[in-house]
1. Which numbered condition trips up ASN214, out of (1) touching a Pro at 6+ places or on another chain (Cβ under 9 Å); (2) polar (S, T, N, Q); (3) under 28 Å from VAL103 (Cβ atoms)?
2. Residues that are of a type outside the set (Phe, Trp, Tyr), touching a Gly at 6+ places or on another chain (Cβ under 6 Å) and farther than 21 Å from ILE120 by Cα: does the stretch 166-185 have at least one?
3. I'm told GLY195 meets every condition in (1) more than 25 Å from the chain's Cα centre (by Cα); (2) within 12 Å of ILE136 (Cα to Cα); (3) not in a helix (DSSP H, G or I) except one. Can you identify the failing condition by its number?
4. State whether the residues of the stretch 81-92 include one that is part of a loop (DSSP other than H, G, I, E, B) and surrounded by fewer than 17 Cβ atoms within 10 Å (Cβ to Cβ).
5. Exactly one of these conditions fails for PHE5: (1) part of a loop (DSSP other than H, G, I, E, B); (2) modelled with pLDDT of 95 or more. Give me its number.
6. Looking at the stretch 123-143, can you tell me whether even one residue there is free of Cβ contacts under 8 Å to residues at least 12 places away in the same chain, over 23 Å from ASN41 (Cβ atoms) and outside any loop (DSSP other than H, G, I, E, B)?
7. Considering the stretch 195-233 alone, what residues qualify as being surrounded by fewer than 16 Cβ atoms within 10 Å (Cβ to Cβ) and among the basic types (Lys, Arg)?
8. If you take the residues in the stretch 20-70 that are among the β-branched types (Val, Ile, Thr) and exposed (fewer than 12 other Cβ atoms within 10 Å of the Cβ), which one is modelled with the lowest pLDDT?
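The values are calculated or read from the model by the stated rules, or taken from the named source; none is laboratory data. None of these values were measured; they are calculated from a predicted model. All Cβ positions, glycine included, derive from the backbone under ideal geometry; neighbour counts span all protein chains shown.
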Amino acid sequence: MSFEFSQAVTERLGYYVYILKDPRDNSIFYVGKGTGNRIFNHINRGLENVTSNDKLDLINSILNSGFQVDHYILRHNLTEDLAFEIESTCIDLLGLENLTNEVLGHNTWDKGIKTTDEIIQYYDAKPATIREPAIIININKQYRRFMSELDLYNATRHRWKLGNRHIQAVYAFASYRGLVREVYAIQRWNKCPDGRYEFEGQIAMPEIRDKYINQSLENYIKKGSRNPIRYTMH
């Protein structure tokens with residue numbers, strides 16, 4: 001069994017934003033955008049059991065319980081850009097942690113949900129001038145909104161491919177989107193079995209941390225650079 005719109009419907013829908021709901025508790029578990037029969041792709045893949053992930057596992061659980069996934073189209077006949085914006089807004093509002101979406105929406109950092117402090121940082125962050133020997137570690141791929149202090153520390157400290165310069169670093173700066181998210185005092189470096197390195201440390205003393213937290217690293221990180229590591233050695 002499969003689900004699909006007729007040709008007449010698909011020709012008139014345009015871009016749309018949709019949600020999938022679990023009828024057993026009425027919870028929204030997925031937000032997406034698309035055209036044509038995109039909204040039904042998930043359940044069709046679930047029926048075919050092509051692969052396994054949180055979304056498809058939940059769909060199969062719903063079907064195996066004798067229910068059907070509820071499909072809703074929130075807005076339709078949109079431009080692609082507007083569909084992206086609405087999708088991202090819905091994901092921000094519901095929270096990625098409450099959905100089976102694997103990634104945040106389009107332009108999430110530039111335009112997505114922010115605390116008032118983050119708005120100030122985004123538009124008025126002062127460029128940092130780092131005076132201490134430090135390593136700047138870009139954690140864009142590991143960073144998650146509202147992550148715990150421990151999770152932020154672990155995302156920053158391991159495991160990195162480093163040259164010999166890392167042993168000179170006294171502090172490690174956690175960088176996300178070019179802003180200083182945390183500053184750690186490095187106690188020691190450990191070499192991992194795969195040849196990469198991780199440090200052990202703790203949050204820097206206030207006289208160091210307060211100088212840099214939430215400041216911009218634009219003087220140290222070049223736009224478009226894929227190297228997650230930068231050094232500031234004086």
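1. Going through the list (1) touching a Pro at 6+ places or on another chain (Cβ under 9 Å); (2) polar (S, T, N, Q); (3) under 28 Å from VAL103 (Cβ atoms), ASN214 breaks only (1).
2. The initial filter retains those residues of the stretch 166-185 that are of a type outside the set (Phe, Trp, Tyr), namely 166-170, 172, 174-175, 177-183, 185.
Filter again for touching a Gly at 6+ places or on another chain (Cβ under 6 Å), leaving 185.
Add one more test, that the residue is farther than 21 Å from ILE120 by Cα, and what stays is 185.
Yes, that holds for at least one residue.
3. All conditions pass for GLY195, except number (2).
4. Looking only at the stretch 81-92, we keep the residues that are part of a loop (DSSP other than H, G, I, E, B), and these are none.
Scanning the stretch 81-92, I find no residue that is part of a loop (DSSP other than H, G, I, E, B) and surrounded by fewer than 17 Cβ atoms within 10 Å (Cβ to Cβ), so the answer is no.
5. Result: PHE5 fails condition (2) only.
6. Yes.
7. Those that are surrounded by fewer than 16 Cβ atoms within 10 Å (Cβ to Cβ) and among the basic types (Lys, Arg): ARG196, LYS222, LYS223, ARG226.
8. So the first thing to find is which residues in the stretch 20-70 are among the β-branched types (Val, Ile, Thr), and the list is 28, 31, 35, 39, 43, 50-51, 59, 62, 69.
Checking the rest, the ones that are also exposed (fewer than 12 other Cβ atoms within 10 Å of the Cβ) come to 50-51.
Working: VAL50: 52, THR51: 58.
Step by step, filter the stretch 20-70, then rank; the result is VAL50.
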